[in-house]
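First up is the structure itself, then whatever we jot down about it.
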Amino acid sequence: MTTTSRRSSGALRGLCLAAALLLLLLASCGLRGAHPGELGQGLRAAAANLKTANLGSEAQERVVLVTGATGRTGLQTYQELKKRAGVRVRALVRNATKAAALLDCGPCGSEQGIFVGDVTKPKSLPKAAFQGVDTLIVLTSAKPIKSKSGKWTFPKGGWPKEVDWKGQVVQFEAAVASGVDHVVLVSTAGTTAPEPPYIPMPGHDFFFKLNAEAVLMQSQLRFTIVKPCGLTNAKVPFASQVGHCDELPHPVTMPLISRSKVAEICVEAAIDPARSAHARFDVCNDPLRPGQADDFDKLFAKAKKLDCFRSMWAPVVEQS
Ligand SMILES: NC(=O)c1ccc[n+]([C@@H]2O[C@H](COP(=O)([O-])OP(=O)(O)OC[C@H]3O[C@@H](n4cnc5c(N)ncnc54)[C@H](OP(=O)(O)O)[C@@H]3O)[C@@H](O)[C@H]2O)c1
């Protein structure tokens, strides 16, 4: 095909697209008496119809990107999403070899939804990883290491300020730029204490995670912020309890939650943002409910409620 005929067939396709858009627009608005505001709405609806028509069966799938997918919770989240119908899962990892070993992803390239990038190096983040994503699940985290003297520290370039603060904000920015609909962020419980006494860790990770939460909440993205208590690889045999402001309602005899449970909560949040969005909540096992499964409708409904200061200095509002 010559350049001129390629151009004219491109122009023809453009004309057809414009005509289809116009027809859909007219159908959406009705031909008579459309208000200019309704015209705008009609145009958006027509564009959405056209997108759906073009996508065909893919339109039914939710595309979910898990970052930190080779981490301990990230891997379980990725694996759980792969089992779910109607979900196309992608992973952002910083180490392709580790991804190939863990993710059962064949050649493990972008075709398989595997993208390589370092969240502390924004230019390394592939735009294609975020494009077309419905929900982004952020499971990257600064990883402490033991120094020769036996003290906890972080690798150069991998401190909480770099990974948990800037490295999360760049992901939110990429999400906004790519039109992502919803972000699930795994942060941590304990952020109400200025200096958590039980954490022998330098780097102020709680402070930086809390700041990242704040940026996400002001980003206009729909958000679900999961703030777990201590994580364990063991399957802790309890249902979950949710609360706010570091005040879980039941006495916590074993302040732990399984990574597999956190992964399940992330997946349940991602597949139904209408149920999970605008929730920011603490979550831990509930020692009063051994052996019970979670009801995620109830869990997210409770997670969305504002119920702080139950034990700190209740009642908040004095009765006259
Ligand atoms: N440990 C606890 O008791 C506890 C309690 C409450 C909340 N949390 C939080 O829960 C979340 C999950 O914890 P986890 O223990 O499952 O996480 P994890 O195993 O430490 O995984 C962290 C992930 O982040 C990735 N990562 C680190 N730096 C990165 C960078 N610069 N660019 C791209 N990826 C990077 C790591 O990649 P590699 O796989 O290549 O190393 C890893 O996949 C974390 O946010 C954690 O802080 C933990």
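The values are calculated or read from the model by the stated rules, or taken from the named source; none is laboratory data. On a predicted model such as this, the values are computed, not experimentally measured, just so you know. Because the Cβ atoms are built from the backbone with ideal geometry, glycine has one as well, and the counts that use them run over all protein chains shown.
Kindly provide the set of residues from the range 223-235 that are surrounded by 17 or more Cβ atoms within 10 Å (Cβ to Cβ) and more than 8 Å from the ligand (Cβ to nearest atom), ordered by number.
If the condition is that a residue be surrounded by 17 or more Cβ atoms within 10 Å (Cβ to Cβ) and more than 8 Å from the ligand (Cβ to nearest atom), then PHE223, THR224, ILE225, VAL226 are the ones that fit.
Among the residues of the range 28-35, are any part of a helix (DSSP H, G or I), among the polar types (S, T, N, Q), exposed (fewer than 13 other Cβ atoms within 10 Å of the Cβ) and at pLDDT below 95?
No.
If we scan the range 211-221, do we find a residue that is touching a residue at least 24 places away in the same chain (Cβ under 8 Å), of a type in the set (D, E, K, R), out of contact with any Leu (no Cβ under 6 Å at 6 or more places or on another chain) and away from the ligand (no atom under 16 Å from the Cβ)?
no
Evaluate the following for ALA85: is it in a loop (DSSP other than H, G, I, E, B), away from the ligand (no atom under 11 Å from the Cβ) and not aromatic (Phe, Trp, Tyr)?
yes
Could you tell me whether any residue of the range 172-195 is within 29 Å of LYS151 (Cβ to Cβ), within 15 Å of the chain's Cα centre (by Cα), surrounded by 15 or more Cβ atoms within 10 Å (Cβ to Cβ) and of a type in the set (S, T, N, Q)?
Looking for residues that are within 29 Å of LYS151 (Cβ to Cβ), within 15 Å of the chain's Cα centre (by Cα), surrounded by 15 or more Cβ atoms within 10 Å (Cβ to Cβ) and of a type in the set (S, T, N, Q), one finds at least one in the range 172-195, hence yes.
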